[in-house]
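Have a look at the structure below before the remarks.
The values are calculated or read from the model by the stated rules, or taken from the named source; none is laboratory data. Since we're looking at a predicted model, the values are computed, not measured. Glycine gets a Cβ as well: all are built from the backbone with ideal geometry, and neighbour counts include every protein chain shown.
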């Protein structure tokens with residue numbers, strides 16, 4: 001009988017904890033975290049479309065953009081390289097996303113999978129880890145730094 005009461009108490013306690021965790025998960029993302037997540041998605045879309053004006057709007061003037069192979073570009077170099085289509089994204093899929101906001105700065109991490117294609121039509125699969133730093137400017141979030149790494 002005593003074991004049955006303990007089991008019921010343990011199950012009840014677990015249910016309370018799981019309910020609280022579920023409510024926390026639904027409310028966990030702040031408005032700024034959601035805005036950064038949306039900016040990350042918008043940046044991916046702009047990179048695929050090579051939308052120069054959107055890329056400029058989503059990146060800070062002092063951007064430091066690090067590639068997984070070690071190349072580091074400033075904002076102009078990043079946009080110009082995309083516009084050259086030397087290695088154009090055909091698709092970008094992001095997974096394992098996290099966003100942490102600290103005041104006017106956010107740190108985001110994700111795994112990027114996708115494909116690039118060069119002018120000769122050669123398709124290359126991409127699977128890299130990415131860490132980004134976003135900075136709030138007025139009501140907008142702009143990419144300040146990005147570093148990709150091989151996984």
- request: Say whether the condition of being surrounded by fewer than 14 Cβ atoms within 10 Å (Cβ to Cβ) and within 17 Å of residue 55 (Cβ to Cβ) is met by at least one residue in region 113-133.
  value: no
task: Give region 34-93 a look and list any residue that's under 24 Å from residue 122 (Cα atoms) and assigned to a loop (DSSP other than H, G, I, E, B), or say none.
output: 50, 51, 67, 68, 69, 70, 71, 85, 86, 87
Cβ pairs under 9 Å, 6+ apart, first in region 78-107 and on the phi > 0 side of the Ramachandran plot and surrounded by fewer than 13 Cβ atoms within 10 Å (Cβ to Cβ), second modelled with pLDDT of 95 or more and outside any helix (DSSP H, G or I): 96/109; 96/110; 96/111; 96/129; 103/136
field: Single match in 126, 101 (criterion: under 18 Å from the mean Cα position of the chain (by Cα) and closer than 18 Å to residue 46 by Cβ)
entry: 126
